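Everything below concerns the one structure shown next.
The values are calculated or read from the model by the stated rules, or taken from the named source; none is laboratory data. From a predicted model like this one, the values you see are computed outputs, not experimental measurements. Here the Cβ positions follow ideal geometry from the backbone for every residue, glycine too, while neighbour counts run over all protein chains shown. The area values use the complete protein model at the heavy-atom level, side chains included, leaving out ligands, DNA and RNA. Shrake-Rupley method; radii C 1.70, N 1.55, O 1.52, S 1.80 Å.
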Amino acid sequence: LMERKDETRVKGFDLPPGAGRGTDDKGHVTLTVDSLEWQLRGAPPWVRVTARWWGDELSDKRQRPWAKLVDGPGGSASMTFPVKAKPAGFSRYCRDARAVVLEFSDGRTARHIASASVDVSRLDVHRPVARHEVVLATKAGGVLGTAHAECALDYVTGAVSSFELNEHLSRMDDTLPLA
């Protein structure tokens, strides 16, 4: 019996976009979206959530992998993106990218409904983007609902040397505001 794929958890494209194919995964970013609430009559029973990262122009027409999200407090979707860059390079990419755009589409028809933005400018190892409310809006800015999003970065033990990671963490500490 074929095991049915869990559509609420998907693997996304490599980050940063266009990073050398064939290079080993150094880590991964996990982006989780939950508690979708529509302020919309006739909202679809479920949506497809995709994440548009900076530089991900999809030149080769691949479709972005999507995760299934059911609305209400029980619904949750997560996307995992392999990270190909070393810690310093990836945190620079996140700073430059500033945000990742979440696209919400009707689950059945794939028609785009709304977008939300998640600030990843300070995303780093040991510094996740804490779960927070994001606003789902149309291109014209009309608010259609809210959801919660969080984002975390982990490095694979061995793929990044502990020396590299510690060096990066000590540099990161220098950029943190003093308490």
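A few points about this structure:
- Among residues of region 88-125, those that are touching a helix residue (DSSP H, G or I) at 6+ places or on another chain (Cβ under 7 Å), over 24 Å from K139 (Cα atoms) and not small (G, A, S), counted: 3
- The listed residues are A110, A85, A140, and the only one of them that is within 22 Å of A19 (Cα to Cα) and small (G, A, S) turns out to be A85.
- Whenever a residue of region 141-155 is in a strand (DSSP E or B), its partners that are surrounded by 16 or more Cβ atoms within 10 Å (Cβ to Cβ) and among the basic types (K, R), lying with C-beta atoms within less than 7 angstrom and at least six residues away or across chains, give the pairs Y155/K26.
- Residue selected from region 156-169 under the condition among the β-branched types (V, I, T) and either touching a residue at least 12 places away in the same chain (Cβ under 8 Å) or assigned to a loop (DSSP other than H, G, I, E, B) (or both), by the criterion nearest to D71 (Cα to Cα): V156
- Residue check for T32: modelled with pLDDT of 90 or more and out of contact with any Pro (no Cβ under 9 Å at 6 or more places or on another chain): yes
- Test result for K139, modelled with pLDDT of 90 or more and surrounded by 15 or more Cβ atoms within 10 Å (Cβ to Cβ): no
- Of everything in region 79-115 that is in contact (Cβ under 8 Å) with a residue 24 or more places away in the chain and among the basic types (K, R), the residue that is least open to solvent (accessible area, probe 1.4 Å) is K84.
- Taken together, the residues in region 105-130 that are more than 18 Å from V70 (Cα to Cα) and charged (D, E, K, R) amount to 4.
- Looking across D119, D124, D96, one residue alone is touching a Lys or Arg at 6+ places or on another chain (Cβ under 8 Å), among the charged types (D, E, K, R) and closer than 30 Å to T23 by Cβ. It is D119.
- Strands (runs of 3 or more DSSP E) wholly inside region 4-108 that include at least 2 residues being of a type in the set (S, T, Y): 27-38, 72-83
- Every residue from region 38-55 that is surrounded by 17 or more Cβ atoms within 10 Å (Cβ to Cβ) and under 20 Å from the mean Cα position of the chain (by Cα): W46, V47, R48, V49, T50, A51, R52, W53, W54
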